[in-house]
1. With +1 on the Cβ of every Lys and Arg and -1 on the Cβ of every Asp and Glu, and nothing else charged, how large is the dipole of the range 179-311 about its Cα centre, in debye rounded to the nearest 20?
2. Using DSSP to define loop residues, name the trypsin sites (Lys or Arg not before Pro) in the range 33-80 whose beta-carbon has at most 11 other beta-carbon atoms within 10 Å.
3. Looking at the range 105-167, which trypsin sites (Lys or Arg not before Pro) are DSSP coil and have at most 10 other C-beta atoms within 10 Å of their C-beta?
4. With a/c under 1.5 counting as rounded, go ahead and sort the range 179-311 into rounded, prolate or oblate using the C-alpha gyration tensor (a ≥ b ≥ c being the square roots of the eigenvalues; past the cut-off, prolate if a/b is larger than b/c, else oblate).
5. Can you compute the charge dipole magnitude of the range 41-98 about its Cα centre, using +1 on each Lys and Arg Cβ and -1 on each Asp and Glu Cβ, nothing else charged? Give it in debye, rounded to the nearest 20.
6. Give the angle, between 0 and 90 degrees and rounded to the nearest 10, that separates the Cα long axis of helix 107-122 from the longest principal axis of the Cα atoms of the chain.
7. Just want to confirm a number: the relative contact order over the chain, from Cα pairs under 8 angstrom separated by 6+ residues, in percent.
8. Give me the number: length gained by fully extending ARG294 to LYS170, i.e. 0.36 nm times residue separation minus the C-alpha to C-alpha distance, one decimal in nm.
Amino acid sequence: MKVHARAPGKVIWFGEHFVVKGKPAIASAIDLYADVTIEPIDSDRVIIESRDKGVIYDYSRRGKPPRLLKPFKHVIDYIVGEGYTGRPRGIYARISSSIPVGAGLGSSAATLVAFTAAFLKYHGVPMDSNTVSKIAYEGEKIVHGKPSGIDNTVSTHGGFILYKQGVLQKIDYVWRDDYVLLVVDTGISRNTGHAVKRVLDRYNRVPNVMTKIYDAAEEIVYTALKYLRKGDFEQLGELMNIAHGLLASIGVSIKRIESIIHTALKQGASGAKLTGAGLGGCVLVLVRNDLLDRVSHSISRVSKKIRIFPVKPIGKGYSVRVYE
Ligand code: PMV
């Protein structure tokens, strides 16, 4: 028997950073995926391999894993420790992903969701989405310390999610096929913790001004819900532009992000904003199909480091298949 599981990455549409102080945020799953296959091998060993990074760990030897595979070891320990399965043996798990790493697109959560689903399925454990998400979150803690849980939730359940103070709610949306969402990787890696600290420091220095910005961000989220439900993408684009202005005002934009956004809007994109922590990472660009080539071409000329991924929000989260 061979098991293959797949789980999507995510983008934050609205509310990043403001969410840290209890404001709402909107995120969605996108059609960039992490894949995990688990196959039997002819020995007692438990091998985990990251295909993209070329790292291998033998879980059965109980040694120290390479940093990249530590969350997966932790997930197996957790699954066994909680009694979902006995000690595993005789498997080879291969992890691969088309989600850019360290760019705020939830690549670690997606690999962990796919790994958890494949592992439970292979061992015949009945599973539901909440269990998969909960176990993947245990691995996320190893990667991110104290993550909000948005990434594993979106990757598990798919669709659009409204997140506020630890409560996640699926939201209805209409996706317009005459528009494309571009995820533009600036090629500049960033550190979420550093960006969060920078914003909180500014908040503490000028709280009276910052609270007004946070209130505006909240208003944007509730207005965006309305346009998402109606499929009014021109209005949604305008909100993205305003949201980016707020993110720049709290100090997380940088020159390359601004150049990408300026170029995209000049060429006719409906909206553009940074997504996630900022100070690098990715930019979201919402563009009408007929302007796609023009906009992409101009963005790619901003820097050689830039990578552009046309993506679609997807309603479905993880999936698992068994091959006998
Ligand atoms: O870039 P990411 O996916 O790590 O997003 C960070 C989002 C923040 O709001 C900046 C931090 C958080 O924990 O919500």
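The values are calculated or read from the model by the stated rules, or taken from the named source; none is laboratory data. If you're wondering where the values come from, they're calculated on a predicted model, not measured in any experiment. Virtual Cβ from ideal backbone geometry, glycine too; neighbours counted across all protein chains shown. With ligands, DNA and RNA removed, areas are computed over all heavy atoms of the protein, side chains included. Shrake-Rupley method; radii C 1.70, N 1.55, O 1.52, S 1.80 Å.
1. I would put it at about 500 debye.
2. Here the trypsin sites (Lys or Arg not before Pro) that fit, given the DSSP loop and packing criteria, are ARG62.
3. Sparse-neighbourhood loop trypsin sites (Lys or Arg not before Pro): none present.
4. Oblate is the answer for the range 179-311, as a/c is 1.5 or above yet b/c matches or exceeds a/b.
5. Its charge dipole is roughly 240 debye.
6. 30 degrees
7. 26 percent
8. Extra length from ARG294 to LYS170 when fully extended: 41.2 nm.
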